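What follows is a set of notes on a single structure, which appears directly below.
The values are calculated or read from the model by the stated rules, or taken from the named source; none is laboratory data. Everything numeric in this text was worked out from a predicted model, so none of it was measured. All Cβ positions, even for glycine, are placed from backbone atoms using ideal geometry, and neighbour counts span all protein chains on display.
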Ligand code: ARG
Ligand code: ZN
């Protein structure tokens with residue numbers, strides 16, 4: 001069956017549905033190819049909405065019967081749904097449809113994964129389950145009966161009853177259809193419990209496939225910590241008697257916050273020290289928190305329409321990053337978030353896919369689950385908090401929950417609570433939600449008669465989404481430091497509102513050093529002409545951990561660009577600064593590890609393009625390698641000492657302290673391996689009792705050209721563990737030399753375990769490949785062709801995962817004309833594919849520009 005024809009939906013066209021849903025009853029008779037879904041819905045027309053139209057969404061459904069108040073009706077059916085004459089008074093709608101979960105490879109709606117039934121309804125998947133007003137502003141209480149001969153039958157809310165082959169669930173909280181969920185299968189529970197602040201006993205379960213029981217403990221603890229944190233920090237208590245999490249292997253995204261029944265990609269919840277890395281543990285903790293936090297920011301208060309997606313996602317990402325900062329190191333978390341924002345959101349904001357945090361139109365909403373909506377959406381909330389202060393933020397959030405509980409809201413509602421609490425006019429601030437593009441913030445300094453003047457100029461490049469950007473409100477956190485690094489003036493948040501603005505700091509006998517954009521106080525590109533000496537000063541002395549890290553980052557960027565563009569030698573200030581960082585035992589190991597990281601090669605390409613150069617991926621690769629090699633040589637004997645000091649003797653714990661040590665040991669090992677040819681890595685690999693140490697050693701061995709035997713042995717050891725085998729695929733692609741990356745991928749896709757219909761496996765190979773900058777951008781275009789082949793192959797099976805991966809092409813205009821022509825040819829080839837999905841069509845069309 002084909003997708004509905006593409007049409008564009010506009011925010012400005014929003015109209016309410018015109019009917020209230022008093023209740024929803026669903027009955028599922030499960031069968032892989034012939035599942036029957038009966039629905040009974042009480043509709044009450046809103047008589048004050050005269051233009052109301054009874055339209056129920058429905059796609060790829062076989063309608064078996066429909067009736068109003070028990071009388072059979074024959075609706076008019078289109079590929080998008082149905083319409084029908086309905087009375088001007090409350091009525092009962094019943095209908096029965098048939099669907100085929102086993103044939104649902106798109107993983108949207110009701111589908112099957114390893115014999116288990118599972119749903120994914122956000123954003124518009126419920127319409128593949130039954131005819132329904134599948135829009136977030138239509139909320140109702142759901143009662144669900146599942147008939148099926150499977151041991152575990154789950155849905156939202158509280159369990160009402162169950163028998164051998166049936167179960168009934170009732171969710172007392174009105175919700176939109178996108179939060180509906182159903183799971184049925186042969187699953188085992190890892191149980192837990194939580195007592196809420198008001199004394200409610202909540203049963204917790206993490207449901208997994210038999211065999212995965214040993215990977216549940218960490219996720220369960222993370223859930224309890226999240227529940228407690230949300231009570232303590234936001235005053236939000238859980239509101240049902242049971243909270244279920246299910247792990248599923250086939251899932252397009254990370255996880256989903258269905259009311260009382262969160263469904264997780266197994267990679268985002270299952271963990272054990274032997275099979276998961278420290279980074280996996282941290283990510284799992286954050287995603288569990290994220291989905292749990294949605295219970296209030298998303299479920300109790302939801303979105304009026306999908307243009308408001310950032311209302312729940314930006315806020316929930318912001319909340320989960322606060323949680324991680326509290327559980328671990330705030331400085332390390334902040335720097336990690338900035339690295340991620342620059343790697344994923346900046347390219348979006350500065351390319352053909354640029355869209356505002358609150359988009360104004362779309363064809364396929366699934367294409368807008370983006371870094372802009374999520375991560376920039378969270379940054380916008382961080383700025384709001386910085387501008388109004390912590391107390392006003394807390395008050396505004398209390399008001400938000402009190403005023404809007406049970407409602408489907410907009411960004412206007414959200415900003416209004418801040419306006420009401422603070423008396424501020426947030427009209428200009430709202431541009432952060434309305435304008436696409438990353439603001440450039442240029443700063444110029446002058447010093448005269450004891451006064452330091454900082455003049456800021458902001459400008460945002462025009463884009464198709466925002467042709468004429470206006471000045472935004474930019475909170476610029478600034479601190480002043482003296483020549484020895486002493487704080488002369490504590491951090492102050494300057495509020496920039498105009499295109500150009502000057503701020504003065506007076507009363508200094510000697511010129512202070514201005515540390516600017518502390519904590520990355522706004523998601524902008526700071527343009528500041530600093531000498532290498534001045535950057536080295538901040539790297540050595542800045543008291544703000546972000547700015548200190550940023551100074552090292554800027555030195556690395558500058559030297560790498562000079563090396564790649566002009567063949568310059570590695571900059572001594574960078575090398576000296578890094579040696580000092582390496583030697584500084586007083587610094588948190590995790591922070592030192594971050595300092596040692598180089599900017600990503602795609603980020604370097606972006607910086608070069610920004611400065612008017614044409615990036616050469618091979619030159620960038622060579623510069624990065626040379627700089628690492630030079631640093632390794634310079635550090636020399638220092639490395640084994642730091643490596644030894646960073647060893648963990650205690651039993652494995654995935655906490656911040658141990659992970660930080662392992663991160664530092666890993667960063668140092670990768671430098672050492674350039675000197676000892678992998679000897680130390682071999683020892684680490686042989687001794688390691690956890691996946692973090694195994695993988696960091698194996699990566700070093702592969703880079704040293706010595707990993708072949710270990711890679712083969714690794715496969716034999718882990719061939720039955722799908723999450724570990726994903727890592728095995730990924731690592732080989734990521735560590736392939738640029739000239740071999742295409743061939744590596746071509747070999748791996750022949751492997752019997754390359755199940756390309758599984759999104760995790762597809763991403764492990766093709767996703768890793770698009771992240772291999774020099775490999776993907778091979779001069780002859782073989783990388784582009786290879787990716788396009790696979791996108792064309794996957795699209796009819798899974799449009800969502802295909803469309804997401806199209807973004808690998810979004811940066812195409814940065815590169816030389818030959819590469820541009822090669823990419824354009826592949827974009828044209830994809831676009832010309834007969835029957836291309838709505839998802840992929842929209843992405844390719846936007847990228848083509
Ligand atoms: N709401 C989910 C989350 O952020 C993501 C679901 C995305 N689904 C989709 N089809 N795009 O937690
Ligand atoms: Zn979310």
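Remarks
- Residue match in the stretch 344-356 (condition: within 16 Å of ligand 1 (Cβ to nearest atom), in a loop (DSSP other than H, G, I, E, B) and over 15 Å from the mean Cα position of the chain (by Cα)): yes
- Checked against the criterion of being under 26 Å from residue 521 (Cβ atoms), within 16 Å of ligand 2 (Cβ to nearest atom) and buried (at least 22 other Cβ atoms within 10 Å of the Cβ), the candidates 348, 291, 285 yield just one match: 285.
- Of all residues in the stretch 486-511, those being crowded, with 16+ Cβ neighbours inside 10 Å and over 21 Å from residue 544 (Cβ atoms) number 1.
- Selection count where residues are assigned to a helix (DSSP H, G or I), surrounded by fewer than 22 Cβ atoms within 10 Å (Cβ to Cβ) and more than 15 Å from ligand 2 (Cβ to nearest atom), scope the stretch 319-340: 12
- Residue match in the stretch 450-457 (condition: touching a residue at least 24 places away in the same chain (Cβ under 8 Å) and part of a loop (DSSP other than H, G, I, E, B)): yes
Residue-wise test of (1) closer than 23 Å to residue 692 by Cβ; (2) at pLDDT 95 or above; (3) near ligand 1 (Cβ under 9 Å from one of its atoms).
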| residue | (1), (2), (3) |
| --- | --- |
| 252 | no, yes, yes |
| 267 | yes, yes, no |
| 270 | yes, yes, no |
| 274 | yes, yes, no |
| 281 | yes, yes, no |
| 290 | yes, yes, yes |
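- Some residue of the stretch 543-552 being assigned to a loop (DSSP other than H, G, I, E, B) and either touching a residue at least 12 places away in the same chain (Cβ under 8 Å) or surrounded by fewer than 18 Cβ atoms within 10 Å (Cβ to Cβ) (or both): yes
- Count of residues meeting criterion [surrounded by fewer than 22 Cβ atoms within 10 Å (Cβ to Cβ) and in a helix (DSSP H, G or I)] in the stretch 823-840: 7
- Considering 632, 609, the condition of being in contact with a helix residue (DSSP H, G or I) (Cβ under 9 Å, 6 or more places away or on another chain), under 24 Å from residue 776 (Cβ atoms) and assigned to a helix (DSSP H, G or I) is satisfied by 609 alone.
- Against the list (1) under 21 Å from residue 521 (Cα atoms); (2) touching a helix residue (DSSP H, G or I) at 6+ places or on another chain (Cβ under 6 Å), the condition residue 502 fails is (2).
- Candidate set: the stretch 224-259, residues that are in contact with a strand residue (DSSP E or B) (Cβ under 6 Å, 6 or more places away or on another chain) and within 16 Å of ligand 2 (Cβ to nearest atom); chosen: the one farthest from residue 154 (Cα to Cα): 254
- Options 258, 262: the member that is within 11 Å of ligand 1 (Cβ to nearest atom), part of a loop (DSSP other than H, G, I, E, B) and at pLDDT 95 or above: 258
- Hey, residue 114 crowded, with 17+ Cβ neighbours inside 10 Å, within 31 Å of the chain's Cα centre (by Cα), in contact (Cβ under 8 Å) with a residue 24 or more places away in the chain and closer than 28 Å to residue 257 by Cβ or not: no
- Residues of the stretch 80-122 that turn out to be closer than 30 Å to residue 758 by Cα and more than 16 Å from ligand 2 (Cβ to nearest atom), as a count: 25
- Here is the figure for the stretch 686-713: residues that are surrounded by fewer than 22 Cβ atoms within 10 Å (Cβ to Cβ), farther than 15 Å from residue 735 by Cα and in contact with a helix residue (DSSP H, G or I) (Cβ under 6 Å, 6 or more places away or on another chain) total 1.
- Considering the stretch 40-74, the residues that are free of Cβ contacts under 8 Å to residues at least 24 places away in the same chain and in contact with a strand residue (DSSP E or B) (Cβ under 8 Å, 6 or more places away or on another chain) include one that is farthest from residue 102 (Cα to Cα), namely 69.
- Taken as a whole, the stretch 421-439 holds at least one residue that is in contact with a strand residue (DSSP E or B) (Cβ under 8 Å, 6 or more places away or on another chain), more than 21 Å from residue 306 (Cα to Cα), buried (at least 17 other Cβ atoms within 10 Å of the Cβ) and in contact (Cβ under 8 Å) with a residue 40 or more places away in the chain.
- The stretch 745-765, residues that are over 17 Å from residue 248 (Cα atoms) and surrounded by fewer than 21 Cβ atoms within 10 Å (Cβ to Cβ): 746, 747, 749, 750, 751, 752, 753, 754
- Output for the stretch 32-49, where each listed residue is farther than 18 Å from residue 66 by Cβ and assigned to a strand (DSSP E or B): 44
- Members of the stretch 793-803 that are out of contact with any helix residue (DSSP H, G or I) (no Cβ under 6 Å at 6 or more places or on another chain) and either under 12 Å from residue 756 (Cβ atoms) or buried (at least 22 other Cβ atoms within 10 Å of the Cβ) (or both): 793, 797, 798
- Residue in the stretch 403-410 that is assigned to a helix (DSSP H, G or I) and farther than 29 Å from residue 173 by Cα present: no
- Any hit, the stretch 297-306, residues being surrounded by 23 or more Cβ atoms within 10 Å (Cβ to Cβ), away from ligand 1 (no atom under 13 Å from the Cβ) and farther than 30 Å from residue 689 by Cβ: no
- Hey, residue 192 farther than 27 Å from residue 369 by Cβ and crowded, with 16+ Cβ neighbours inside 10 Å or not: yes
- Any hit, the stretch 309-318, residues being surrounded by fewer than 24 Cβ atoms within 10 Å (Cβ to Cβ), touching a residue at least 40 places away in the same chain (Cβ under 8 Å) and more than 13 Å from ligand 2 (Cβ to nearest atom): no
- Residue match in the stretch 352-373 (condition: within 16 Å of ligand 2 (Cβ to nearest atom) and free of Cβ contacts under 8 Å to residues at least 60 places away in the same chain): yes
- Which listed residue, of 464, 477, 522, 468, is within 17 Å of residue 386 (Cα to Cα) and assigned to a loop (DSSP other than H, G, I, E, B): 522
- Among the residues of the stretch 289-300, some residue qualifies, meaning at least one is over 15 Å from the mean Cα position of the chain (by Cα) and either part of a strand (DSSP E or B) or over 26 Å from residue 144 (Cβ atoms) (or both).
- Selection within the stretch 218-249 - buried (at least 19 other Cβ atoms within 10 Å of the Cβ), part of a loop (DSSP other than H, G, I, E, B) and more than 22 Å from the chain's Cα centre (by Cα): 236, 238, 240
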